[in-house]
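In what follows, a structure is listed as structure tokens, so that the remarks can point back to it.
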Amino acid sequence: MAIKESIREQTRIRVKPPGKYQVLIYNDDFTPMDFVVDVLVEIFDKEEAAAVALMMSIHKGNYAIAGVYPRDIAQTKASEAVQWARSEGHPLKVEAVRQP
């Protein structure tokens, strides 16, 4: 009887899927709009028209969500975008935050 209880107990354990993270790109007055579009196309795999629309959303607001990914991918994409921006001399702020 103890074996049956042990098996039941084991089957109740559920694995939660990994949390999703949003990659946010923030508006600033110094990073060129064309560069933001390039980042969205090259790093976040957006189509040109979608990238332009998202860039305008960033420009008109404080920030926009570039994508939603598992934690490691979100952090890598945010890091790549920031490194590219710094190499070009732009202060673009990109961060990965846990999806609410």
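The values are calculated or read from the model by the stated rules, or taken from the named source; none is laboratory data. Since this is a predicted model, take the numbers as computed values, not measurements. Neighbour counts are summed over all protein chains in view; Cβ atoms, including those assigned to glycine, are modelled from backbone coordinates with ideal geometry. To get the accessible areas, we keep the full protein, side chains included, count just its heavy atoms, and leave off ligands, DNA and RNA. Shrake-Rupley method; radii C 1.70, N 1.55, O 1.52, S 1.80 Å.
Less than 12 Å apart at the alpha-carbon level, and either on another chain or at least 8 residues along: which aspartates and glutamates does that give for Lys20? Answer for Lys20, where 12 Å is the Cα cut-off: Asp72, listed by chain and number. Compute the angle between helix 2-12 and the longest alpha-carbon principal axis of the chain, please, reported from 0 to 90 degrees and rounded to the nearest 10. Computed tilt is about 20 degrees.
Under the convention that each Lys and Arg Cβ holds +1 and each Asp and Glu Cβ holds -1, the size of the dipole of the chain around its Cα centre is about 940 debye. Within a straight-line Cα-Cα reach of under 17 Å, Lys93 can be paired with the following aspartates and glutamates, leaving aside sequence neighbours fewer than 8 residues apart in one chain: Asp28, Asp29, Asp34, Asp38, Glu42, Glu80. Solvent-accessible surface of the chain, taken per residue with a 1.4 Å probe and all protein chains present: 71 Å². Any idea what angle helix 71-87 forms with the longest principal axis of the chain, computed on alpha-carbon atoms, 0 to 90 degrees, nearest 10? Once rounded, one gets 20 degrees. Put simply, the C-alpha atoms of the chain give a gyration tensor, and the ellipsoid matching it has half-axes of 41, 13, 11 Å, longest first. Of the residues Tyr26, Val36, Gly89, the one whose Cα sits farthest toward the positive end of the charge dipole of the chain, with +1 on the Cβ of Lys and Arg and -1 on the Cβ of Asp and Glu, is Tyr26.
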